[in-house]
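The values are calculated or read from the model by the stated rules, or taken from the named source; none is laboratory data. Every value quoted in this text rests on a predicted model; they were computed, and no experiment measured them. Please note: Cβ atoms are built from the backbone with ideal geometry, for glycine as well, and neighbour counts cover all protein chains shown.
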Amino acid sequence: MTRNGLTIMKKTWILITDAERARCFERDTSDHSLKELTDFIHPRVSLQGKAGGGDMTGEAGKGHGRTGHAGTQFEPHTEALAKERANFARDLANYLNTGVAERSCHALVLVATSPMLGEIKSQLNSASDKVLVRCIASDLTRYTGRDLEKRVEIALRLPE
């Protein structure tokens with residue numbers, strides 16, 4: 001961005017997240033490299049495993065259900081998982097809201113799984129919402145280094 005003949009460095013934060021982990025990066029305006037600012041691990045969700053897979057800590061388990069066998073079927077605690085995801089999203093949004101309020105960043109990009117994208121967006125305050133330049137529904141949490149930078153660059157070039 002140029003103002004009065006001076007080049008102004010626009011600090012862009014990119015949050016890459018799923019329901020278990022989030023990483024926030026600052027994108028360099030000259031070479032588009034990513035500098036990691038912070039890493040969030042949601043302890044409760046990571047202990048439980050992903051929804052639909054893994055052993056649920058504290059869950060009694062599955063019985064025989066409606067197959068005609070004796071026993072009871074225990075359904076996954078999807079409501080509890082949704083609540084945990086919402087809490088994690090709120091924490092992430094608070095981090096972004098603080099960064100915008102303190103003028104640590106001037107633009108935001110969210111790269112998140114679909115459920116998290118909606119959860120985080122709903123928790124952004126009006127100032128953060130104004131500097132939100134892009135939302136990308138994608139899971140890039142497993143990528144690192146140059147591979148991550150390339151994938152972010154490709155995602156930012158895709159039409160909305």
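The residue that is nearest to the chain's Cα centre (by Cα), among those in the stretch 99-134 that are loosely packed, with under 15 Cβ neighbours inside 10 Å and of a type in the set (S, T, N, Q), is Ser114.
From the list Ile8, Ile14, Ile41, the lone residue that is under 22 Å from Leu156 (Cα atoms) and at pLDDT below 95 is Ile8. Considering (1) under 14 Å from the mean Cα position of the chain (by Cα); (2) surrounded by 15 or more Cβ atoms within 10 Å (Cβ to Cβ); (3) of a type in the set (A, V, I, L, M, F, W, C); (4) within 21 Å of Glu26 (Cα to Cα), the lone condition that Ala137 does not fulfil carries the number (2). The residue that is surrounded by the most Cβ atoms within 10 Å (Cβ to Cβ), counting only those in the stretch 20-36 that are outside any strand (DSSP E or B) and free of Cβ contacts under 8 Å to residues at least 12 places away in the same chain, is Asp28.
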